[in-house]
1. Take the conditions assigned by TED's automatic domain parsing to the domain that holds Lys354 and in contact with a Ser or Thr (Cβ under 7 Å, 6 or more places away or on another chain) and apply them to Pro238. Does it pass?
2. Restrict the check to the range 335-348 and report whether at least one residue is in the same structural domain as Ile248 (by TED's automatic domain parsing), crowded, with 19+ Cβ neighbours inside 10 Å, of a type in the set (A, V, I, L, M, F, W, C) and under 20 Å from the mean Cα position of the chain (by Cα).
3. Looking at Met107, Met124, can you tell me which residue is assigned to a strand (DSSP E or B) and closer than 20 Å to Asn389 by Cα?
4. Keeping to the range 143-165, report how many residues are in a loop (DSSP other than H, G, I, E, B) and hydrophobic (A, V, I, L, M, F, W, C).
5. Take the residues in the range 276-298 that are of a type in the set (Lys, Arg) and free of Cβ contacts under 8 Å to residues at least 40 places away in the same chain, then tell me which one is surrounded by the fewest Cβ atoms within 10 Å (Cβ to Cβ).
6. Going by the conditions given, is Glu328 in contact (Cβ under 8 Å) with a residue 12 or more places away in the chain and among the acidic types (Asp, Glu)?
Amino acid sequence: MLSTIKTVSNNKVCLNALKASTRSLSNVSVFNTKLNTTSINKVNLNKINIAPKKQNFTLQNFCQNRTYANTKEVSFKGVKNFISLKDFTPEQVLWLIRRSLEIKQDMKNGKPLPQHLKGKTLGMFFTKRSTRTRVSSESGWATYGGHPMFLGKDDIQVGAGEPWKDTSIVVSSMVDCILARLGAHDEVETLAKYSSVPVINALTAKYHPLQILADIVTIYETYLPNWRDLPTNGLPLPKLPNLKVAWIGDANNILHSLLVTLPRIGVSIAAATPKKYNPPQDVIDFAVTNSRKNNKEYGEVSFTHDPVVAVKDADIIITDTWVSMGQESEKKQRLIDFAGYQVTEELAKKGGAKKNWKFMHCLPRKPQEVNDEVFYNPKRSIVFQEAENRKYTVMSVFEMLMVEAK
């Protein structure tokens with residue numbers, strides 16, 4: 001995959017950012033202060049042309065804007081917050097996925113990442129407990145050189161009744177970005193409205209966009225591991241094959257986020273929920289409007305109350321907790337309502353899922369949601385890979401908001 005790297009006028013080229021901007025060029029290597037190229041088609045650096053002929057030159061101080069060969073430039077100009085993936089175009093979503101894949105590869109290869117966030121502070125509001133979100137966000141921000149500051153509900157005055165509006169105004173005057181894992185969705189919307197810095201939704205009752213980015217990265221790694229070698233047709237990434245996801249479970253923030261995202265990148269989704277548990281109408285309307293019904297490039301969307309129907313021809317089966325945080329008082333009734341919704345080999349076989357179907361879950365998992373035979377089967381379950389990818393995807397969001405959108 002090749003890149004065109006544009007530089008801002010009156011700025012010299014900076015080696016560290018050049019490394020970051022050329023990480024998708026497998027045949028570009030940087031040693032000390034020299035860029036060595038071999039067998040690449042073409043890269044433009046202002047007036048410097050790197051062609052297949054080997055060239056060496058010294059570079060200093062760089063300001064960059066990344067695009068990819070044969071793709072339209074993806075712009076994040078005007079983007080301030082990351083609240084829901086429905087706010088982003090399919091091209092922008094795929095850009096985030098690509099950057100996540102690249103960041104992961106660079107970290108696995110031991111390549112140092114640019115210190116985009118050196119001297120910058122991330123304020124982390126958590127009124128909901130977390131393992132993956134907290135660890136991925138803190139370590140991801142720190143990897144870019146920044147300082148993450150965890151603020152639980154008992155650490156700040158919100159727990160004593162201070163409004164989110166006041167909290168947002170005050171805290172955003174002292175930090176560079178806010179990441180919030182909250183309850184009601186209108187809480188993060190209030191934060192975003194009154195904050196003077198970018199706000200990232202790390203979970204609300206309605207949406208969990210960071211999790212869905214990790215899901216999509218995992219799907220690419222599983223079904224399109226050779227994505228670098230395939231034509232992109234103008235997109236940041238080649239399209240996934242014609243896949244079908246079956247959702248078996250509650251109509252919660254994960255399902256809502258899948259519905260507003262997967263169809264727009266060409267993945268079909270069939271959602272099975274108990275009769276009393278339906279997604280909000282605005283989520284349904286958005287998903288159906290942005291489906292194959294109106295755009296042949298999009299995936300299909302369907303709803304059912306029968307898990308057996310949903311898993312028909314499914315490539316991936318996804319579930320989540322039946323009892324979300326704050327719903328503990330409903331547990332007894334929910335366990336009754338969700339009878340027959342446990343993901344098992346028997347369910348998949350009965351419904352006619354694809355022979356090599358995979359299982360995903362955002363974790364933590366409870367046995368009534370999926371049995372051990374599926375959950376711990378390495379030929380089926382990709383949940384731990386999915387969890388690890390939370391780090392790389394939140395890092396791509398940090399980069400998008402703090403670098404690309406500036």
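The values are calculated or read from the model by the stated rules, or taken from the named source; none is laboratory data. Just so it is clear, the structure is predicted and the values come from calculations on it, not from any experiment. As a convention, Cβ positions derive from the backbone with ideal geometry for all residues, glycine included, and neighbour counts pool all protein chains shown.
1. yes
2. Scanning the range 335-348, I find no residue that is in the same structural domain as Ile248 (by TED's automatic domain parsing), crowded, with 19+ Cβ neighbours inside 10 Å, of a type in the set (A, V, I, L, M, F, W, C) and under 20 Å from the mean Cα position of the chain (by Cα), so the answer is no.
3. Every option except Met124 fails the conditions.
4. Residues in the range 143-165 being in a loop (DSSP other than H, G, I, E, B) and hydrophobic (A, V, I, L, M, F, W, C): 1 in total.
5. Lys296
6. Spelling it out, it is not the case that Glu328 is in contact (Cβ under 8 Å) with a residue 12 or more places away in the chain and among the acidic types (Asp, Glu).
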